[in-house]
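Undergrad: One structure follows; several queries about it will come next.
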Amino acid sequence: MDEQPEPAQTAGGGLDRRADLSEFLRTRRARLKPEDVGLPDFGRRRVPGLRREELAQLAGVSVAYYTRLEQGNGNNVSAEVLDAIARALRLSDAEHAHLMHLAKPKQHKKKPVARSQQVRPALRHLLASIESVPAYIVGRRSDILAWNRMAAALFGDWAEMPAQERNWARMVFLRPEYRELYLEWEQKASDMVGYLRMDAGCHPDDPRLSALVGELSVKSEDFRRLWAAHNVKEKSYGVKRMRHPLVGELTLSFETFRLVDDGEQSLITHHAEPDTPSAEALRLLASWGTDATRSGTRTSTPSD
């Protein structure tokens, strides 16, 4: 099996924005075929995807200009050119935003990366009042900041973990009970990496994010593989299928509500369609509460 490269880092401990820009453009170009964009395909290609000159032609820029950008030099590139390149590469909205973050970071107001993430008391009260729906607040780097009783019953009692362990990426890749919880674990893992990629594009100088990526790269081959793909994703909504040790399989819809006063925090809820076995399973978990955690979902401490 091929070894995946470790994440490039700067001397200051952050992630290397120029290297990420280069790899992101290269991987997006590699996934397109000439016929995908209406170009003729002449002869065999040494590597998959469009050639640089073909992409430059589609974007309306010179080959030399695009080559400099793909080499990580995006300091003087205009937003209009980035828009044209995004259209040529058929980027999604999340990918387009990620390209802007990587190529023009000065356009985005930076916040202190080491500041503590605090949840407003009113939000904690709101979580406690939601009795039938698992809900929690997630912050930067996929850190879990607050949760309600139902979230503990569904996912395990996070209060029993050290604060630094309450992180979705760490749990998904390093704790076997979460690999067993998600029936489509590969999709969950891919989503988590996509969220971290978006965070890294916005905050490449965050040493804690860099340390997290480095740790996961060392400890998880799956993480290295997915990180090397340079896919990005915004938290939004969808459906997850799970297998809980007490109530069996559940199909739950999740919704993400980004906080207006702090865009780096989101409230995430999980709910079941009415009158379904999954809705009945959630009712059982609600009736058991923390007893469900103690009986079947107690989280284990990973070995050193």
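Undergrad: Is it fair to say V232 is assigned to a loop (DSSP other than H, G, I, E, B), within 17 Å of the chain's Cα centre (by Cα) and of a type in the set (V, I, T)?
TA: Considered against the rule, which asks whether it is assigned to a loop (DSSP other than H, G, I, E, B), within 17 Å of the chain's Cα centre (by Cα) and of a type in the set (V, I, T), V232 comes out as yes.
Undergrad: Identify all residues within segment 237-274 that are among the small types (G, A, S) and either part of a strand (DSSP E or B) or over 21 Å from V119 (Cβ atoms) (or both); write none if there are none.
TA: Within segment 237-274, G238, G248, S253, S266, A272 qualify.
Undergrad: Could you tell me whether R179 is touching a residue at least 12 places away in the same chain (Cβ under 8 Å) and part of a helix (DSSP H, G or I)?
TA: So R179 does not fit the description; no.
Undergrad: I need every pair where a residue in segment 132-143 that is within 13 Å of S116 (Cα to Cα) and at pLDDT below 95 has its Cβ under 8 Å from the Cβ of a residue that is among the acidic types (D, E) and part of a helix (DSSP H, G or I), sequence separation at least 6 or different chains.
TA: As it stands, the answer is R140/D199; R141/D199, since those pairs meet every condition given.
Undergrad: In segment 233-278, which residues are aromatic (F, W, Y) and surrounded by 12 or more Cβ atoms within 10 Å (Cβ to Cβ)?
TA: Correct list: F254, F257.
Undergrad: Let me ask you something else. Suppose we filter segment 245-284 for residues that are among the acidic types (D, E), at pLDDT below 95 and closer than 18 Å to W147 by Cβ; how many remain?
TA: Residues in segment 245-284 being among the acidic types (D, E), at pLDDT below 95 and closer than 18 Å to W147 by Cβ: 2 in total.
Undergrad: Identify the single condition in (1) surrounded by fewer than 17 Cβ atoms within 10 Å (Cβ to Cβ); (2) touching a strand residue (DSSP E or B) at 6+ places or on another chain (Cβ under 6 Å); (3) in a loop (DSSP other than H, G, I, E, B) that D205 does not satisfy, given that it satisfies every other one.
TA: (2)
Undergrad: Among the residues of segment 31-58, write down those that are touching a Leu at 6+ places or on another chain (Cβ under 8 Å) and closer than 29 Å to D199 by Cβ.
TA: L32, G49, L50, L55
Undergrad: Then there's this: Please determine, by comparing only the residues of segment 216-231 that are among the hydrophobic types (A, V, I, L, M, F, W, C) and out of contact with any Ser or Thr (no Cβ under 8 Å at 6 or more places or on another chain), which one is farthest from L181 (Cα to Cα).
TA: So, considering only residues that are among the hydrophobic types (A, V, I, L, M, F, W, C) and out of contact with any Ser or Thr (no Cβ under 8 Å at 6 or more places or on another chain), the one farthest from L181 (Cα to Cα) is A228.
The values are calculated or read from the model by the stated rules, or taken from the named source; none is laboratory data. Because the structure is a prediction, the values reported are computed rather than measured. Don't worry about glycine lacking a Cβ; one is built from the backbone with ideal geometry, like all the others, and counts go over all protein chains shown.
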